[in-house]
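The next block holds one structure in the form of C-alpha cells; read it before the comments.
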Amino acid sequence: MIMPRGQQLLLPAKPLFIVMSLFMALLMNMLENVGLLGNAAWMPDFLALVLLFWSVHQPQRVGIGWAFILGLACDVHQVSFLGQHALAYTVQGFLATLIHRRLLWFSVPSQALQVLPLFAISHAISMVLRMSLSGSLVGWSMFFAPMIEACLWPIVSVILLAPQRRAPDPDENRPL
Amino acid sequence: MPLGTLDRTPPPFFKQGATPLHKLIFFSCLSVLIMFCDVRWQITQPLRSLFSLALAPIQWMAQQPGFLSARVEVFLQDKGDAQEEAAVFKKQLLDQSLQASQVDQLQLENKQLRSLLELKDRVQTTGQVAQVIYDAADPFTRKVILDKGSISGIHVSSPVMDEAGVVGQVTRVYPLISEATLIIDKNHSIPVLNNRTGARGVAFGESGGAPLLELRYMAANADIQENDILSTSGVDGVYPPGVPVAKVIKIERSADSMFARILCEPLGRAQGVRHLMVLEPVGKDLPARPEMEVVKTPSRSGGR
C-alpha cells in the first residue's frame with residue numbers, strides 16, 4: 001500500500017468496531033434531540049460524520065448501501081420525509097468514494113477543510129428537498145451544522161483510528 | 001512482525017461489484033421513489049413501521065439519561081418547592097371541585113333538555129394518558145413522539161390535549177409509538193370558535209416558525225379583540241367541541257388587505273410538556289357525511 005511518509009502503519013479495522021461506531025453515532029444523534037436540544041437546526045449530524053469517515057477509510061466495507069439504509073433509519077426517527085436523509089447520505093457516500101484516495105494524503109486539519117463541502121452538500125440536499133416538497137424553511141442556523149461537523153472531523157479521526165493505532169504485539173510494558 | 005498486523009485480504013480484482021456511479025444512480029432513484037410514495041400516496045407506512053420497530057431499542061437507550069436525570073432531579077428537589085407545588089395543586093383542585101360537582105347535575109339536565117328537544121346526545125369522548133418521548137428532530141416541522149402506539153389503541157387523527165387546552169393531533173401511528181403534529185405546525189389547521197362572539201374561524205400554525213397560531217380569513221372589520229379565547233368548534237369531527245385552543249394576542253389591520261392578521265398564543269403548552277391526554281377521535285360517533293351530489297356538466301359532444 002502506498003502511504004504518505006512518516007505515517008504509522010495501521011492495524012486492520014475490525015468490522016465489529018465499525019458497526020458499533022455507526023450504532024453509537026445513531027444513538028448520539030437520538031440523544032441530541034431526545035434529551036438535550038430538541039430540534040435545533042444547527043445540531044451536527046454524527047451519523048453523517050461517522051459514515052463519511054468510514055467510507056473514506058474503509059470504502060470496501062462501508063459504502064453507499066449502508067448510507068442508504070442508515071439514512072432511512074434516520075428519516076423514520078426524525079419523522080422527515082422517508083428518503084430525504086437516504087438521498088443525502090447516498091450522495092455524500094458517492095462523493096466520499098470519489099475523494100477517498102486523495103484525501104488521506106493530507107494532514108487531518110486540511111482533510112477537515114476538504115470534507116466541509118461534502119457535509120454542506122448533504123445538508124443542502126435535505127434543505128432543497130424540504131423547500132420543494134413542503135415549502136418550509138429554517139433559518140440560517142442550519143449552515144452551522146456542516147461547519148460543526150467539519151470541526152469534529154479531527155476528533156473523530158483520533159477516536160475511530162485509535163484501535164488501529166495500537167501496538168501489533170502487546171506485551172506487559174505496552175498492554176494496549 | 002506478527003500475523004494480523006496488516007490487512008492481508010487482497011482487494012478483489014474481478015468481483016468488484018457495481019461501480020460507485022451505478023450505486024449512486026440506483027440508490028438515488030430508490031430514495032426519490034420512496035419519497036414520492038411517501039409524500040404523494042402515503043403508502044410507505046409498513047416500511048416506516050418496520051424501521052420504527054428496529055429503532056425502538058436504540059430509542060429506549062437514548063431515553064435513559066433523560067429519565068435518570070429526571071429521577072435525580074426529583075431526588076434532589078427542595079422540600080419547600082415540593083410543598084409549594086402541592087399547595088398550588090390543592091388550590092386548583094378546590095377550584096375545580098365546585099365545577100365538577102355541578103357537572104353531573106348539568107349533564108343530567110342537558111340530557112333531559114336534549115331529549116325534550118329531540119336532539120342527538122352530545123358526543124362523549126374517552127381518552128388515555130401518553131408520555132412525550134421526544135420532540136421530532138426534523139427542524140422543519142413541529143411534532144412530538146408519544147410513547148403509545150396502535151398496540152395501546154391509539155388511532156390516527158386522535159386529538160391530543162393537556163390540562164390547559166388542545167396541543168395537537170395524532171398524525172401517524174406505529175406499533176409502539178405514535179407521532180402527534182402540534183397545532184403550531186405550519187401545515188396544521190384547526191376550526192375554532194370565538195368564545196366571546198361565537199364567530200367561527202380556522203386557525204393555522206404561524207408560517208414564520210414562531211410557536212403561535214394565526215387566525216386566517218377573518219375580515220378586517222370582524223369583531224375580534226385581544227385576549228379573546230378561541231375554543232374548538234367541533235365542526236371538524238376530530239376535536240370535541242368547547243376545548244380551549246388559543247388566546248388572541250395581536251391583531252394587525254392593514255388597509256391593503258381584506259383580511260386582518262390575527263396572531264394567537266396556544267393555551268396548551270406545546271413544548272416542555274411531558275404528559276398528554278390522547279382522546280378518541282370524535283368522528284367515529286358522528287353520522288356519515290352526506291354524499292356529494294355530482295353536478296352534471298352539460299355534454300359538449302356533437303357540436304362540430
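The values are calculated or read from the model by the stated rules, or taken from the named source; none is laboratory data. This one's a predicted model, so the numbers in the text were calculated from it and none came from an experiment. For neighbour counting, all protein chains shown are included, and Cβ atoms are generated from backbone atoms with ideal geometry for every residue, glycine included. These accessible areas exclude ligands, DNA and RNA; they are computed on the full protein's heavy atoms, side chains included. Shrake-Rupley method; radii C 1.70, N 1.55, O 1.52, S 1.80 Å.
Close Cβ contacts (under 6 Å, 6 or more residues apart or on different chains) running from residues in segment B:222-245 that are among the acidic types (Asp, Glu) to residues that are surrounded by 15 or more Cβ atoms within 10 Å (Cβ to Cβ) comprise B:226/B:248; B:228/B:194; B:228/B:248; B:236/B:191.
Within segment B:254-279, being of a type in the set (D, E, K, R) and either surrounded by fewer than 14 Cβ atoms within 10 Å (Cβ to Cβ) or touching a Cys at 6+ places or on another chain (Cβ under 7 Å) (or both) holds for B:256, B:274. Taking the criterion of being over 29 Å from residue A:34 (Cα atoms) and either at the interface with chain A (Cβ under 10 Å from one of its Cβ atoms) or among the aliphatic types (A, V, I, L, M) (or both), the residues of segment B:55-106 that qualify are B:87, B:88, B:93, B:94, B:98, B:100, B:103, B:106. Give the residue, chosen from B:107, B:63, that is farther than 25 Å from residue B:233 by Cβ and surrounded by 10 or more Cβ atoms within 10 Å (Cβ to Cβ). Just a single option satisfies the conditions, and that option is B:63.
Of all the numbered requirements in (1) open to solvent by 10 Å² or more (accessible area, probe 1.4 Å); (2) touching a helix residue (DSSP H, G or I) at 6+ places or on another chain (Cβ under 6 Å), residue A:64 misses one, and that requirement is (1).
Yes/no matrix, rows are residues, columns are (1) modelled with pLDDT of 85 or more; (2) assigned to a strand (DSSP E or B):
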position: B:121; (1), (2): no, no
position: B:124; (1), (2): no, no
position: B:134; (1), (2): no, yes
position: B:160; (1), (2): yes, yes
position: B:163; (1), (2): no, no
position: B:176; (1), (2): yes, no
position: B:180; (1), (2): yes, yes
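On the stretch given as segment A:40-58, residues that are at the interface with chain B (Cβ under 10 Å from one of its Cβ atoms), open to solvent by 30 Å² or more (accessible area, probe 1.4 Å) and modelled with pLDDT of 85 or more total 0. Just one residue in the set B:144, B:173 is more than 20 Å from residue B:245 (Cβ to Cβ) and under 15 Å from the mean Cα position of the chain (by Cα); that residue is B:173.
A Cβ distance below 8 Å, combined with a sequence gap of six or more or placement on separate chains, defines the contacts here; from segment B:27-47, residues that are at the interface with chain A (Cβ under 7 Å from one of its Cβ atoms) reach residues that are surrounded by fewer than 19 Cβ atoms within 10 Å (Cβ to Cβ) and modelled with pLDDT under 85 in the pairs B:35/A:133; B:39/A:133.
The single condition among (1) part of a helix (DSSP H, G or I); (2) without any contact (Cβ under 8 Å) to a residue 60 or more places away in the chain; (3) within 14 Å of chain B (Cβ to nearest Cβ); (4) open to solvent by 80 Å² or more (accessible area, probe 1.4 Å) that residue A:144 does not meet is (2). Among the criteria (1) in a helix (DSSP H, G or I); (2) more than 9 Å from chain B (Cβ to nearest Cβ), the one residue A:98 does not fulfil is (2). Got at least one residue in segment A:73-94 being under 23 Å from residue A:150 (Cβ atoms), in contact with a helix residue (DSSP H, G or I) (Cβ under 6 Å, 6 or more places away or on another chain) and either open to solvent by 50 Å² or more (accessible area, probe 1.4 Å) or in a loop (DSSP other than H, G, I, E, B) (or both)? No: segment A:73-94 contains no residue that is under 23 Å from residue A:150 (Cβ atoms), in contact with a helix residue (DSSP H, G or I) (Cβ under 6 Å, 6 or more places away or on another chain) and either open to solvent by 50 Å² or more (accessible area, probe 1.4 Å) or in a loop (DSSP other than H, G, I, E, B) (or both). For segment B:182-191, which positions are touching a Ser or Thr at 6+ places or on another chain (Cβ under 6 Å) and in a strand (DSSP E or B)? Hit for segment B:182-191 is B:191, nothing else.
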